[in-house]
Amino acid sequence: MFTKNRIAIAMVAALCGVSAAAQAETLTDFFKQSKIDGQIRSYYFSRDYGATGPNTFNQNAFSLGGILNVQTAPFLGGFGVGVSFYTANALGANNLSGAPTYPHLDSTLMGPQQSINALGQAYIQYALPKVLLVRAGDQVINTPWVNNSDSRLLPATYQGVFAEVSPYSDWHIYGMRIFRWKSRTSSGYYRDNLYDPATFDGDSMYGGSGTPVITGSSPATNGVLAFGTSGSLMGAKAQVWYYDYYQFAKSVYGDVNYTLKTGTGFDPFVGAQFNRQWQNNSLLDGSNINNSPITATSVNSTAWGAQVGLNYAAFNNVLGNGQLTWSYNEILAHPGAVGGGAIISPYTAGYATDPLYTTSMIRGLVELGPGNGWKVKWTQNLLDKRFLFMAALAQYHTYYNGVSNDAYVDLTYFVPGMFKGLSIRDRVEVANGLDAYNGLQGNGAGFNKGHSFIYNRVMLTYAF
C-alpha cells in the first residue's frame, strides 16, 4: 500500500508540473489557483450500557487527527488532480485489552489501532463547470446508499470511477463503478463491505454491523455499479437511483420532496421515498440478518417512507431559522426472503448513515427491520447562528427486534471572530429496547437488557 501511495503522489507531482507549464502563466499563478483545505478533529466517544456484567462493558475512545485536501488548478482544458491525506491518532489514550473483541473500547471511532494514516483520496478528473465531471481513482462519493458516512474521525472513501453530466442547470445524470472501498477505520482499500468480518482479507474494518453476517471464507466482493438522476422544478426536488451491489443485491431507490414558498416565513414541505431490492444467489442467502430466524435463499425487500414538516424564518437574533419534521418509514415483511425482507445496505449497515427518514444516530430500520418506525425532529439556530440545536425522538416496531426507541439531543457551538472555523459539538442519544443484542460486546454492539444505552460524542473540529 505504501508503494501505491508513493506512485500516486509522484503522479500528482508530475501532473502538477504539466499543468503549470500548459495553463498557468507562472508557477505562482498555478499554485494560487490550486486549493488546499481540511479539518483538524478531536473526538471523544463514550458508551454507557446502564449495567455491566461478564459480557457487557462500558466503552470509550479518543482520537486526534484530521484531513488535508489538495486539488490542483485545471490544466489541459479541464483536467485536475486531487489528493487527501487522512490521519487519526489515539495518543495512547485507549484501552486495547481483550483482543479480538476489545470489550472496553468503542472501536467504531478508529478501530483498535494507535494510529491510522491513509491516502484517503488520490484521483484525476476532467471537469467542465456545471456541465461534466469524470473522476477516477480514490475519492469521496456521496449518493443516498453509497456515501462517506462522515460521523467518525475519518470518512469512508471509494476506489473507482464516478461521472456526472448536467444537460440543464437543474437536471443531473450520474454513473459510477466502484471496485474497492476504505472503511472509516481502515488504512487501505479492500474488496469487502460491512457484512464481512472486521478483519476480512487483512482489513481493519471495525465499527460495522456488530456481528458479521457472512464468514471470512466467503469470496471478496466485486463492488458496486450505479446509475442515477436528480432534478428540481418549481419547488419540487427528486432523485432516482439504481444500485447493483455485486453478489449481494440489486436495488432501486427514489425520493421526492416539495416545499411551498408562502412568503410568510412559514414554508411547509412534504416528502416521500421508496426502496425496492431483489437478488438470487446472494452471498447473504442463508444468513440470519437482523436477528431474523428465517434461512432464506433470495433477497426481496420493499420499503417506503413519508415526511411532513415546516421550515420557519428567524424570529429575532436569539431564535433563528428552524425546522420541524415528522417522518414515517416501513419495511414490508417478506417471510421467505433474507432477513424476512430486510434492506440490504453493504456500505451503511451498522453505520446508520442511510437515507431513510427515521434513521437515528446509532441505528434505524436498516439495522432493525423489517417493521415500521416514526421520528419527530426539531432543528433550531440560536444566537445569530452561533449555536445549532437539534432534538429528536424515534420509535421502531419490528418483527424480530421488538419495540425500541431513541431520544437524541445535539448542540453545536460555532466560535466567531479570530477562531472562525472552530466548532464544538456534543451529541447524545439514549436508546431503550433492542433486547436481542443483549450481551454482545465489541464492534459497537452491546445493548443491555432492561437498561438504557447512552451514547455521548464530544467533537471538536477546526476547518481551514
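The values are calculated or read from the model by the stated rules, or taken from the named source; none is laboratory data. All of these numbers come straight from a predicted model, not from anything done at the bench. We place every Cβ from the backbone using ideal geometry, glycine too, and count neighbours over all the protein chains shown. Surface areas here come from the heavy atoms of the whole protein model, side chains and all, with no ligands, DNA or RNA. Shrake-Rupley method; radii C 1.70, N 1.55, O 1.52, S 1.80 Å.
In segment 336-364, the residue that is nearest to Val318 (Cα to Cα) out of those that are in contact with an Asp or Glu (Cβ under 8 Å, 6 or more places away or on another chain) and among the hydrophobic types (A, V, I, L, M, F, W, C) is Met361.
Conditions tested, residue by residue: (1) modelled with pLDDT of 95 or more; (2) under 19 Å from Gly254 (Cα atoms).
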| position | (1), (2) |
| --- | --- |
| Ile141 | yes, yes |
| Tyr158 | yes, no |
| Phe162 | yes, no |
| Ser169 | no, no |
| Trp181 | yes, no |
| Ser186 | yes, no |
| Tyr190 | yes, no |
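If I filter segment 145-161 for residues that are surrounded by fewer than 23 Cβ atoms within 10 Å (Cβ to Cβ), within 25 Å of Ala226 (Cα to Cα), of a type in the set (D, E, K, R) and within 14 Å of the chain's Cα centre (by Cα), do I get at least one hit? Yes: segment 145-161 contains one or more residues that are surrounded by fewer than 23 Cβ atoms within 10 Å (Cβ to Cβ), within 25 Å of Ala226 (Cα to Cα), of a type in the set (D, E, K, R) and within 14 Å of the chain's Cα centre (by Cα). Got a sec? Which of Gly175, Gly120 is open to solvent by less than 20 Å² (accessible area, probe 1.4 Å), part of a strand (DSSP E or B) and under 17 Å from Gly82 (Cα atoms)? Residue meeting the stated conditions: Gly120.
Residues in segment 190-208 that are crowded, with 22+ Cβ neighbours inside 10 Å, of a type outside the set (A, V, I, L, M) and under 14 Å from Val224 (Cα atoms): Asp192, Asn193. Inspection of segment 145-168 finds a residue satisfying the criterion of being in contact with a Gly (Cβ under 7 Å, 6 or more places away or on another chain), small (Gly, Ala, Ser), in a strand (DSSP E or B) and within 30 Å of Asn89 (Cα to Cα). Residues satisfying the criterion are absent from segment 265-281 (criterion: touching an Asp or Glu at 6+ places or on another chain (Cβ under 6 Å), in a loop (DSSP other than H, G, I, E, B) and either open to solvent by 70 Å² or more (accessible area, probe 1.4 Å) or within 20 Å of Asn329 (Cα to Cα) (or both)). For segment 351-380, a residue qualifies if it is in a strand (DSSP E or B) and either modelled with pLDDT under 95 or among the hydrophobic types (A, V, I, L, M, F, W, C) (or both), and the qualifying residues are Trp374, Val376, Trp378. Could you tell me which residue of segment 284-332 is modelled with the highest pLDDT, considering only residues that are in a loop (DSSP other than H, G, I, E, B) and open to solvent by less than 40 Å² (accessible area, probe 1.4 Å)? Here the answer is Leu284. For Val213, state whether it is within 20 Å of the chain's Cα centre (by Cα), at pLDDT below 95 and aliphatic (A, V, I, L, M). It is true that Val213 is within 20 Å of the chain's Cα centre (by Cα), at pLDDT below 95 and aliphatic (A, V, I, L, M).
Could you tell me whether Val213 is open to solvent by 50 Å² or more (accessible area, probe 1.4 Å), aliphatic (A, V, I, L, M) and under 22 Å from Asn329 (Cβ atoms)? It is false that Val213 is open to solvent by 50 Å² or more (accessible area, probe 1.4 Å), aliphatic (A, V, I, L, M) and under 22 Å from Asn329 (Cβ atoms). Picking from residues in segment 216-249 that are free of Cβ contacts under 8 Å to residues at least 24 places away in the same chain and farther than 22 Å from Ser166 by Cβ, the one that is surrounded by the fewest Cβ atoms within 10 Å (Cβ to Cβ) is Ser217.
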